[in-house]
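Below is the structure I would like to discuss, written out as structure tokens.
The values are calculated or read from the model by the stated rules, or taken from the named source; none is laboratory data. Everything numeric in this text was worked out from a predicted model, so none of it was measured. All Cβ positions, even for glycine, are placed from backbone atoms using ideal geometry, and neighbour counts span all protein chains on display. Please note that ligands, DNA and RNA were not included when accessible areas were found on the heavy atoms of the full protein model with its side chains. Shrake-Rupley method; radii C 1.70, N 1.55, O 1.52, S 1.80 Å.
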Amino acid sequence: MESPYFKKVKASVEDKDKDKEQKEKDKQREKETETMISSTQPQPAISSSSSSSTTQRVCEKLQNGVIHLKGFLSAEEQVHLWQDIKQCAKSYAPTRARNAKSNFMKIIAFNPKKQAHEIPPMFMALTVNAMNFAHTQDATIPPTYRIDYITSFKYPVKDGCLTAHCDGVLGWVVLFSLGNTAKFWVQGPEMKKKVTLDFESGDVLIFNGGTEYNIQHGITTISPQTCPPFLVDELKDERVSIQFRECLRSDHKPYYYGKEKRKATG
């Protein structure tokens, strides 16, 4: 029988091994991100009045650290992103919104650190490109960040909505929209009033979800018959979002990412 002292020493060694393994994984992911950044050149913002037939990127800065990138994804990128979302969703059982005032289905939820092999390269490429581009428009947004959690949600055109809230998760989040247009409102401490966005297919929203940033947001409705033709066969009556989140601290429950244990404050 192992003595209490031996068990304590054994547990300490196992913890050190786990910490070492986690640090190695973090370093590897940082290298992969840096490689992706170096190979992905951000494109300049294109004026909404441009007559170019290419994808128009319009940067709408709502306040420091909150940016809406309109028309960020090309039609081809949107189709590929939706295909990757569907592939990942095969391994996840959909769940309904826990809040009775919201109406959506969660179709993806996983931690990349535990399931790194499941992340499609396009997920990383599009997210890195979006952050890198946003940084060129707003220096308060870092050029890159660490993806700790990925979730995807499907909203029906009929009664699809998301109740007002602040995420309460400290860290940057990059949110992509596909399918029909969401009436997505945002209000931050530097904004005089609530701003309602037409969050269209191919758009991106970037902000920090921490409680101290207090970025309140929600979805009032999903506009019918606004899905682009190249997605209408599968998303005619739906809007899909996918978010790539950094989690330095959650005010909902403890999360243990990085070198230190960051406990919930509420």
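All but one of (1) under 21 Å from THR211 (Cα atoms); (2) aromatic (Phe, Trp, Tyr); (3) open to solvent by less than 20 Å² (accessible area, probe 1.4 Å); (4) outside any strand (DSSP E or B) hold for PHE133; state the number of the condition that does not hold.
(1)
In segment 136-152, what count of residues is obtained for those that are open to solvent by 50 Å² or more (accessible area, probe 1.4 Å) and farther than 24 Å from CYS59 by Cβ?
Residues flagged as open to solvent by 50 Å² or more (accessible area, probe 1.4 Å) and farther than 24 Å from CYS59 by Cβ within segment 136-152 amount to 1.
Taking only segment 98-114 into account, find how many residues are surrounded by fewer than 17 Cβ atoms within 10 Å (Cβ to Cβ) and farther than 15 Å from ILE150 by Cα.
4
Okay, next question. Which residues, counting only those in segment 171-183, are of a type outside the set (Gly, Ala, Ser) and within 9 Å of SER241 (Cβ to Cβ)?
Matches in segment 171-183: LEU175, PHE176, LEU178.
Does THR127 count as open to solvent by 50 Å² or more (accessible area, probe 1.4 Å) and part of a helix (DSSP H, G or I)? Break it down stepwise before answering.
Numbers: open to solvent by 50 Å² or more (accessible area, probe 1.4 Å): no; part of a helix (DSSP H, G or I): yes.
Against the criterion (open to solvent by 50 Å² or more (accessible area, probe 1.4 Å) and part of a helix (DSSP H, G or I)), THR127 does not qualify.
Which of (1) assigned to a loop (DSSP other than H, G, I, E, B); (2) on the phi < 0 side of the Ramachandran plot does ILE150 not meet, given it meets every other one?
(1)
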